1. Heavy atoms only, probe 1.4 Å: what % of the accessible area of the chain goes to carbon and sulfur, would you let me know?
2. Given the whole protein assembly as supplied and a 1.4 Å probe, what does the accessible area of Trp139 come to in Å², nearest 10?
3. How far apart, in nm, are the 7 Å Cα→Cβ label points at Asp99 and Asp116?
4. Please report the relative contact order for the range 162-297, taking Cα pairs under 8 Å with a sequence separation of at least 6, and give it as a percent rounded to a whole number.
5. Excluding residues fewer than 8 places away in the same chain, name every one of the lysines whose C-alpha is closer than 23 Å to that of Lys108.
6. How far apart, in nm, are two points set 7 Å out from the Cα along the Cα-to-Cβ line at Ala425 and at Trp389?
7. What size of dipole, in debye to the nearest 20, comes out for the range 291-391 about its Cα centre when the only charges are +1 on Lys and Arg C-beta atoms and -1 on Asp and Glu C-beta atoms?
8. Could you provide, to the nearest whole Å², the per residue accessible area of the range 117-183 with probe 1.4 Å?
Amino acid sequence: MSARSRLGLAAVTAAITLASLVAPAASARTASGPGPAAPGRAPSAVPLAVSGRSAPGAPRTVVLDGARLLRTRSRLQHGDRRLARTLRELTARADNWLDQGPWTVVDKPRPAPGGDVHDYLSQAPYWWPSKPATADNPWGCPYVQRDGQRNPEVDTGTDRQDAEKVFDSTYDLALAWYYTGEKRYAVKAAQVLRTWFLDPATRMNPNLDHGQFIPCRYDGRAIGIIDFSQSWTSVLDATALLDTGAPGWSRRDRAAMLAWNTGYRDWLTDSAFGREEAAARNNHGTFYDMQLAALAYATGEKDLARRTVLAARALRIDPQIAADGSQPQELARTRSWHYSAFDLVAYTRLAAVGEKVGVDLWAYRGPEGQSLSGAVDHLLPAATGAEPWSGPELEFHRYAASDVVRAAADAGDRAARAAVPRLEAPPGGDLWELRPAAEQLDSIVG
């Protein structure tokens, strides 16, 4: 996920007005088949929902565990002081969004190459002009690639930055509303979603035909799908929270958002770009699967969600994770630490979707012992500061792996659980207890 704005703390409302809640009974973790826990895994620290069913009153979230959110909200209601401190960090972020936006794809300086202002447009982050701009060559073409080095011009003139604000703000605001009951958070989240996705005058078309274009070279590329796949599940979960009865979010809004997600899901499966991204054999492919499975679950296509998660075992884990837990495709990058953690953000979220459809991706072991736990454990020495990272890395941030370690710990990985106290908190604070789903915590994507 995009890096969050670095925010100071703001005072949270003294009285949290919540309806009385009853914590649900613990339910058993499900798997693709019965059997003992995999080696190195302890019983899960947090009871998990059973195969698509959630506790009464729990939000029908896609990655986040709705029953767990319900229990957390009950703990806040009953005065959990540690959670109250974390809530102040979350509401500080939400407060920061209240006077920003809403954002829309129609206000960029020039439309996407096809000419429709409703089409999303972004520019390839690691491609740079090779010549000075002139009247005859205003872009400075041809463009050349510098892997890991972000061209600052990609942050102006396209929709990428505004889209990330939509993703981040709706997630923060919806969570803040869910935990505090403060109407202003829900109303703002609803306004942001309606403006970007639903209102006819300002809505985005449900396609990414012009993602990560390269001036004078490509009008759009399949890898532009990662602009959305890295964060889209946060929007799905934010919407699921609002769907529980948030003020300012109507049944009509809910139906319209479902229609948008269905159209986008169909574009992912049917378009040439979608098929090309699905064939990627690095983090792009992992994020594609995660996004498709999440969209399928959110739009009622549970069989598609289940098939996608099941297929990821042989399609993703077997070729992308080595027996020692390293990720060879990500180690080849100039920012190998970032991309190793980034890929695991997709895997851990995909595993969370799998839990909803009866597939335990954490329990899977490939023919050479490949596993998600092994990939996370490979990061532990650097994540805890015990050893330096041995791969190439232009800008090392130890905290980049903190969320994926927390996810593995919650899934029962003993080594990850032991490492949690030694993790580095990301800027803005550790919000894991309030939103237990891995995020991209450092700032570079592509």
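1. Exposed carbon and sulfur together represent 53 percent of the surface.
2. Per-residue accessible area (Trp139): approximately 80 Å².
3. If labels sit at Asp99 and Asp116, their model points lie 3.7 nm apart.
4. 27 percent
5. Lys165, Lys188
6. 2.2 nm
7. 320 debye
8. 38 Å²
The values are calculated or read from the model by the stated rules, or taken from the named source; none is laboratory data. What you see is a predicted model, and the numbers here were worked out from it, not measured in a lab. We place every Cβ from the backbone using ideal geometry, glycine too, and count neighbours over all the protein chains shown. Heavy atoms of the whole protein, side chains included, go into the accessibility calculation; ligands, DNA and RNA do not. Shrake-Rupley method; radii C 1.70, N 1.55, O 1.52, S 1.80 Å.
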